[in-house]
Amino acid sequence: MRMNDVSAGPADVDLRPLSARSVVLSLLLGTHPPELPVKDLIRFVEPFGVGGSTLRAALSRMTAAGDLRRTDDAVYGLSDRLLARQRRQDEAVRPRTRAWRGDWEM
């Protein structure tokens, strides 16, 4: 096959829509502190094609499964297990460094 035979542009790619769970977890894993009120979650997931009722069902399932915790004032946050995942992600993006003393390690 020649290189110019491959012409898959953005319009040619068939991508599956993200699930409500995936969108919520991505939002919360990237938020510091990792908690958001329902009204903000509704606003943030809308551009991804997730409606309010779909979001509420996903939040309920995720809370029951232990992925999220809910406060009395309708704020959802990551569970302890997912907080550990967020810490690992943060460390991978910003690895710890120390001041350079002029020597090299091999």
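Throughout, read-outs are computed from the coordinates displayed, never taken from laboratory work. Quantities reported herein were computed from a predicted structural model and do not represent experimental measurements. Glycine gets a Cβ as well: all are built from the backbone with ideal geometry, and neighbour counts include every protein chain shown.
For S79, the amide hydrogen comes within under 5 Å of the amide hydrogens of L68, R69, counting only partners 5 or more places away or on other chains and with H modelled in the peptide plane.
Distance between the modelled labels on L15 and M106, one decimal in nanometres: 4.6 nm (7 Å Cα→Cβ projection). Sorting the segments 95-102, 79-86 by their residues' average number of neighbouring beta-carbon atoms within 10 angstrom, most packed first, yields 79-86, 95-102.
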